[in-house]
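Below: one structure, written as structure tokens.
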Amino acid sequence: MAQATGKLTGVRTVRKGQPPVVRSVLLYQGIGCVVVSLTGLLWGVVAAYSALLGGLVCLVPNCYFAYRAFKFQGARAARHIVRSFYAGEAGKIMLTALLFALVFSRVSPINALAVLLGFGAIQLVHWLVPIVQSRPAK
């Protein structure tokens, strides 16, 4: 059930939840973080938590973007939708940079390659889930 929550003139923010593909991407990215971390155990504990941190550096900003990007809906809210997408993307980029800085400056010991591979693996999930889900069932 939709619920009006906005106070903008003539524009209603409606919370219906995220579109199904967004929920799927975020779910699979979360699962991917665990898988990447478990795979990292093959190279040791430091590689495992480094890969997990890299995955989280990708996942957390994507969650922020999804929250911001789908705040508005409807044709009358087009201007607000565009603004929320830009704000969400800018926030995602800044949050990604901040999280990388925190990981590399505060976590010791760290396996930098595992962090970057974990980030890349989760980013790959972000690209592949919509492609796989859009394929027709056989």
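The values are calculated or read from the model by the stated rules, or taken from the named source; none is laboratory data. Since the model is a prediction, treat every value here as computed from it, not as a measurement. FYI the Cβ positions are ideal-geometry reconstructions off the backbone, even for glycines, and counts take in every protein chain you see.
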### Query
Before we move on, is residue 68 out of contact with any Phe, Trp or Tyr (no Cβ under 6 Å at 6 or more places or on another chain), surrounded by fewer than 16 Cβ atoms within 10 Å (Cβ to Cβ) and not small (Gly, Ala, Ser)?
no
### Query
Taking the stated definitions as given, is residue 101 under 20 Å from the mean Cα position of the chain (by Cα) and either closer than 25 Å to residue 41 by Cβ or of a type in the set (Gly, Ala, Ser) (or both)?
yes
### Query
Limited to the range 15-24, what total is found for residues that are closer than 14 Å to residue 70 by Cα and either exposed (fewer than 12 other Cβ atoms within 10 Å of the Cβ) or at pLDDT 70 or above (or both)?
5
## Note on the structure
Within the range 61-96, residues among the polar types (S, T, N, Q) and either free of Cβ contacts under 8 Å to residues at least 24 places away in the same chain or more than 20 Å from residue 25 (Cβ to Cβ) (or both) come out as 84
### Task
Starting from the range 28-50, take each residue that is closer than 11 Å to residue 114 by Cα and list its partners that are of a type in the set (S, T, N, Q), counting only C-beta distances under 6 angstrom and pairs at least six apart or across chains.
46/111; 47/111; 48/37; 50/111
### Query
For residue 112, which of the numbered conditions (1) without any contact (Cβ under 8 Å) to a residue 24 or more places away in the chain; (2) loosely packed, with under 13 Cβ neighbours inside 10 Å; (3) touching a Phe, Trp or Tyr at 6+ places or on another chain (Cβ under 8 Å) fails to hold?
(1)
#### Entry: Top-ranked residue in the range 25-65 [being of a type in the set (Phe, Trp, Tyr) and either closer than 20 Å to residue 87 by Cα or at pLDDT below 80 (or both); ranked as surrounded by the fewest Cβ atoms within 10 Å (Cβ to Cβ)]
64
#### Entry: Positions within the range 115-138 being free of Cβ contacts under 8 Å to residues at least 40 places away in the same chain and among the β-branched types (Val, Ile, Thr), in sequence order
131, 132
#### Entry: Residue among 70, 119 that is in contact with a Cys (Cβ under 6 Å, 6 or more places away or on another chain), at negative phi and aromatic (Phe, Trp, Tyr)
119
